[in-house]
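*Asks:* One structure, pasted below without further comment.
The values are calculated or read from the model by the stated rules, or taken from the named source; none is laboratory data. These figures come from a predicted structure and were not determined experimentally. Here the Cβ positions follow ideal geometry from the backbone for every residue, glycine too, while neighbour counts run over all protein chains shown.
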Amino acid sequence: MRMVALIPARAGSKRIPGKNTRLLAGEPLLAWTIRAAYASGVFDEVIVSSEDSAIGQIAERAAAYWLPRPAALATDESPDIAWVRDAFKMQIVERAQAFAILRPTSPFRTAETIKRAFRQFTHDEAHSLRAMQPVKEHPGKMWQVAGAGYPAVPLIGAGWPTPTGATFRASGDTPWHSQPTQALPKVYVQNASLEMAWSYVIHAFGTISGTKIAPFFTEGYEGFDLNTEDDWDQAERLIAEGKVARPALAAL
């Protein structure tokens, strides 16, 4: 099976400016993902989609293929399907039966993470696979507030919808928000570690995931995502303390 890795790397990050080219433990953040992709042995091609030439140069020095992305597809509002469709105009991508999206903001997703996901993906009867982890802040404890003078309303009412279409009910007269977190239904949040999908979903569903999505549960720091300066500081500490595996990166 022919499979490609697609790495989205815009230059316009607001929360961590220049994050894709910024050095994490001495190496450009983008390079961590490129090396993990190659080390996994899963992909026929590793392609970086970016509108920025500096990012493109890092990609090429790390032996990835730089696909210049139109600026119109690199805005804060650009959906993933737009740049993925753009990538599939390339012949080397168009021939692929499947693809993965590996976001540079998850530097601790390793080659082993990718291989484990690939094994699951090829055995699941799903349109796609998406990385996720248990939520830290449970929606059963969340509220909505319309504005000043309005009462706070629980995000989840008495009925809790389930994947099967059934509905959980809060036990007795105790609402969800007043129950122990351990008693609440399990809920997961997607992380930026990886997504895998069959190529046909792009045309069949007009999305990057289709409608039947298999969960891939990340472990440890595999799903760690860099979104803020505090996240970056934590990433540096995790590396310095040896709590995450540091890939062998060639000099760029």
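*Asks:* Scan the stretch 61-80 and tell me whether some residue there is aliphatic (A, V, I, L, M), on the phi < 0 side of the Ramachandran plot, buried (at least 18 other Cβ atoms within 10 Å of the Cβ) and in contact with a Gly (Cβ under 7 Å, 6 or more places away or on another chain).
*Replies:* So far as the stretch 61-80 goes, yes, one or more of its residues are aliphatic (A, V, I, L, M), on the phi < 0 side of the Ramachandran plot, buried (at least 18 other Cβ atoms within 10 Å of the Cβ) and in contact with a Gly (Cβ under 7 Å, 6 or more places away or on another chain).
*Asks:* If I ask for residues that are outside any loop (DSSP other than H, G, I, E, B), within 12 Å of THR105 (Cα to Cα) and either hydrophobic (A, V, I, L, M, F, W, C) or free of Cβ contacts under 8 Å to residues at least 40 places away in the same chain (or both), which ones from the stretch 2-17 would you list?
*Replies:* Of everything in the stretch 2-17, just one residue is outside any loop (DSSP other than H, G, I, E, B), within 12 Å of THR105 (Cα to Cα) and either hydrophobic (A, V, I, L, M, F, W, C) or free of Cβ contacts under 8 Å to residues at least 40 places away in the same chain (or both), namely ILE7.
Yes/no per residue for (1) without any contact (Cβ under 8 Å) to a residue 24 or more places away in the chain; (2) surrounded by 14 or more Cβ atoms within 10 Å (Cβ to Cβ); (3) within 25 Å of ASP231 (Cβ to Cβ):
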residue	(1), (2), (3)
ARG130	no, yes, yes
GLN133	no, yes, yes
GLY147	yes, no, no
PRO163	yes, no, no
THR174	yes, no, no
GLN179	no, yes, no
GLN190	no, yes, yes
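*Asks:* Kindly establish whether VAL201 is in contact with a strand residue (DSSP E or B) (Cβ under 9 Å, 6 or more places away or on another chain) and within 30 Å of ALA96 (Cα to Cα).
*Replies:* So VAL201 passes the test.
*Asks:* Follow-up. Here is a check on your reading of the model: is VAL48 modelled with pLDDT of 95 or more, buried (at least 20 other Cβ atoms within 10 Å of the Cβ) and either outside the structural domain of HIS203 (by TED's automatic domain parsing) or over 23 Å from ASP231 (Cβ atoms) (or both)?
*Replies:* no
*Asks:* List the residue pairs whose Cβ atoms are under 7 Å apart, where the first residue sits in the stretch 18-43 and is in the same structural domain as ASP230 (by TED's automatic domain parsing), the second is in a helix (DSSP H, G or I) and among the basic types (Lys, Arg), and the two are 6 or more positions apart or on different chains.
*Replies:* SER40/LYS115; VAL42/LYS115
*Asks:* Hey, among ARG116, ARG109, which residue is within 15 Å of the chain's Cα centre (by Cα), surrounded by 15 or more Cβ atoms within 10 Å (Cβ to Cβ) and not aromatic (Phe, Trp, Tyr)?
*Replies:* ARG109
*Asks:* If you take just the strands (runs of 3 or more DSSP E) that sit entirely in the stretch 140-252, which of them hold at least 2 residues that are under 18 Å from the mean Cα position of the chain (by Cα) and within 23 Å of ILE34 (Cα to Cα)?
*Replies:* Strands (runs of 3 or more DSSP E) meeting the threshold: 188-198, 213-217.
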